[in-house]
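See below for the structure under consideration.
The values are calculated or read from the model by the stated rules, or taken from the named source; none is laboratory data. Predicted model only: the values in this text are computed from it and were never measured. FYI the Cβ positions are ideal-geometry reconstructions off the backbone, even for glycines, and counts take in every protein chain you see.
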Amino acid sequence: MPTPPNLDSIEVEFTGGYFPSAPALALEGLQGTIRRGNNTWLRPGGKIEVAKGLLEVSSQNVGARIFAADTQRASFGSLVGSRLSYSGLLRYQNAVLLYLSENTSEQVYLDETAVTGLTTSSTAGRLRVAVPDGVGGYSVFDAGFEKPVLPAGDVTTFAGLGVKNMQGFIGVAMARWRSKTNAYGPPSEVVYNNITANTNTILDISMPLPVSGQDGWLLLGTRWGDRSGQLRLIRYLYLTPRGTFTATNGSTAIVGVNTFWTQDHQLGDFIGIDAGTYHIVAITDDTHATLNTNFTGSTGSGKTSTIIKPRPEWFDGDLRDIVDRDIQRPLRAAGITKFAERVIIWGIPNTTDPLATQVTGNGFAVMLDNNPEHIGTLANITASGSDFVNALAGDGPIYFMTTTALEIIDRVSSGDQPFISRVIAEPGFKAATNGCLVKDWFYAFNNRPLRTRARENIDLVFGAPVWDDMKTWDGARVIVAEDPDNMAVLYIYDNGSTTTVLPWLTQQNVWNAPINLSARILDAQVVNGKLYVTYFSGGAIRVNQWEGGAGLSGAYVASQYYDARRLIRNRIKSATVAGKVGSLSLFAATPGSPVPDVGSLPAAAATFTKSDTAEMLEGESRTNIEAAAAACRVDLPSSDGTVQKVVVRGIPRAEIK
């Protein structure tokens, strides 16, 4: 029998995105959405494409956490039970790495390569600083310095070399210094000497022992007669002054190469050269100086000196900037971020016990902008008083994710407390991976998907279409990540064995159908405009590029049931699909029977095999299916399958069956 000429055509659309929460027989306004799907992307205009799998970028077994170190990927940190460790890393001023972790003494990888010496601290939560060594590696130290002790007996006077006639009560102090980052620690207590006028006296200072990573001191002093304790910089004091020099046996002259003796020395400095000790009695220029006695060692070049005792004197006008005394070494913390060009450590535990096992807390501290590696002494805590889970900063505000709330922070002042937070949403979060920033939007999961941006209400409605899929998700296993290539925000769920990804398409403002992977995604980070994930499979954690591999198998997309009013008790006579597809299936809903699940191929009323060899308008598939409402499903080949258009045709009710 020929097909009647007046068939009623219904063009099936997917432009409304993934909407599994729609009623079984969707309302007309939802019929252009996707009811079920797997491993596909919805492109603008409704075109469906097969999603690509992961691409392993290195076989190196690396840590579970991944961070962007500008153009490099940094990874480290073991799982703590089933959760990710509290960790953080950033590149400071395009060179130095600042990082921390609750995992101790673990290797840090850059682009999946183990860098010698680049390890986490032996103390949980202790901030580390890694300085490029110029030959491809790093010099690595625990950040910051403790306050040194400068006993009064170590500061005396030395007569006979002074030319500035210092007099009165004059104080001196010292602070540890790392020249590579220009960071200095809290100054020692001030030691005063009462210097009598006209004695040509200078101070004679025995320096405390240096600590690991320290290569110098800040030599600090007070104004003459000032006993307020205010300290000003006298000079930077290298433990080993810069450059090398030639010393000649039997001569007092030393001649430098790449030396800066007018800056690195003062008259009277007591120094060590080889096995001998001398003091400097004249500095002609940066490369010529004179010792008080003849050099007794072997003549030679390439020599260096060490400063045993600095012997300073000064006029008040010689003193430089005031040095802050209210500073301290960074406290143990759970993470690190940067906001408004200021480095912030967050999750400072609610304890001063250095041996405590608490890994996060409600405290945060702003690193001093003129003194890297150190913080102020004033306390900062979250507005809710709850412990940190994460802190995310971009071009706009900074978001604090705590165990009970989401807080937002704007810059409001300066000094030790330049930021004050306020609660904008409840409840809180279970994992550091529960949020991400995409342009000016903050996307997150706190038992529900949410999004917001500064000074706007929290948007929970956008997650309604996929709530049926997400309502069983455990927030402790949820990752929210940006996918720049697909202009999407990925809601990733690791169920302990496999991974489900639900993308929110930011360009189209709709949800994409799920993408399913056979192992566990643990963490995600965008580096150089590409999304990378740490992937756990077979006991190994490796870095993979998102969407860098081959097409995923099992790709399909299925529509909602279409227009019950137009197809009541009518028959579907044909279906047409345009694209490169494997098969086209039709599903029929009939009165009095359960609505078939379009996610199950055996539930289809009819399935037609297609060519899957080219993107083309396939020939019309004839059938004769009775349906009160109909849905279609298209299964795609894993290589490069696409769906552009599906049309279902049926007989209107007034026509002869």
Would a scan of the range 549-562 turn up a residue that is in the same structural domain as ALA24 (by TED's automatic domain parsing) and either in a strand (DSSP E or B) or in contact with an Asp or Glu (Cβ under 7 Å, 6 or more places away or on another chain) (or both)?
-> no
Check the range 74-88 and report whether any residue there is at positive phi, in contact with a strand residue (DSSP E or B) (Cβ under 8 Å, 6 or more places away or on another chain) and at pLDDT below 95.
-> yes
When you look at GLY268, is it touching a strand residue (DSSP E or B) at 6+ places or on another chain (Cβ under 8 Å), touching a residue at least 60 places away in the same chain (Cβ under 8 Å), surrounded by 15 or more Cβ atoms within 10 Å (Cβ to Cβ) and closer than 22 Å to SER421 by Cβ, yes or no?
-> no
From the residues in the range 45-60 that are in a loop (DSSP other than H, G, I, E, B) and of a type in the set (A, V, I, L, M), which one is surrounded by the fewest Cβ atoms within 10 Å (Cβ to Cβ)?
-> VAL57
Under the condition of being among the β-branched types (Val, Ile, Thr) and modelled with pLDDT under 95, which residue from the range 407-437 is surrounded by the most Cβ atoms within 10 Å (Cβ to Cβ)?
-> ILE409
Residue that is crowded, with 19+ Cβ neighbours inside 10 Å, among the aliphatic types (A, V, I, L, M) and in a loop (DSSP other than H, G, I, E, B), where the choices are ALA333, ALA365, ALA379, ALA391 = ALA333
Name every residue in the range 238-261 that is more than 17 Å from GLY297 (Cβ to Cβ) and polar (S, T, N, Q), in order of residue number.
-> ASN258, THR259
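The rows are residues; the columns are (1) aliphatic (A, V, I, L, M); (2) modelled with pLDDT of 95 or more; (3) closer than 15 Å to ARG311 by Cα; (4) out of contact with any His (no Cβ under 9 Å at 6 or more places or on another chain).
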{"residue": "SER188", "(1), (2), (3), (4)": "no, yes, no, yes"}
{"residue": "ALA197", "(1), (2), (3), (4)": "yes, no, no, yes"}
{"residue": "LEU203", "(1), (2), (3), (4)": "yes, no, yes, yes"}
{"residue": "ILE234", "(1), (2), (3), (4)": "yes, yes, yes, yes"}
{"residue": "ARG242", "(1), (2), (3), (4)": "no, yes, no, yes"}
{"residue": "ASP269", "(1), (2), (3), (4)": "no, no, yes, no"}
Pick from the range 220-236 the residues that are buried (at least 22 other Cβ atoms within 10 Å of the Cβ) and assigned to a strand (DSSP E or B): which of them is farthest from the chain's Cα centre (by Cα)?
-> GLY221
Take ARG73 and decide whether it is of a type in the set (D, E, K, R) and not assigned by TED's automatic domain parsing to the domain that holds ALA334.
-> no
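Matching residues to (1) among the hydrophobic types (A, V, I, L, M, F, W, C); (2) at pLDDT 90 or above; (3) in contact with a strand residue (DSSP E or B) (Cβ under 8 Å, 6 or more places away or on another chain); (4) farther than 30 Å from HIS279 by Cβ:
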{"residue": "LEU110", "(1), (2), (3), (4)": "yes, yes, yes, yes"}
{"residue": "ALA114", "(1), (2), (3), (4)": "yes, yes, yes, yes"}
{"residue": "THR123", "(1), (2), (3), (4)": "no, yes, yes, yes"}
{"residue": "ARG128", "(1), (2), (3), (4)": "no, yes, yes, yes"}
{"residue": "ASP133", "(1), (2), (3), (4)": "no, no, yes, yes"}
{"residue": "ALA159", "(1), (2), (3), (4)": "yes, no, yes, no"}
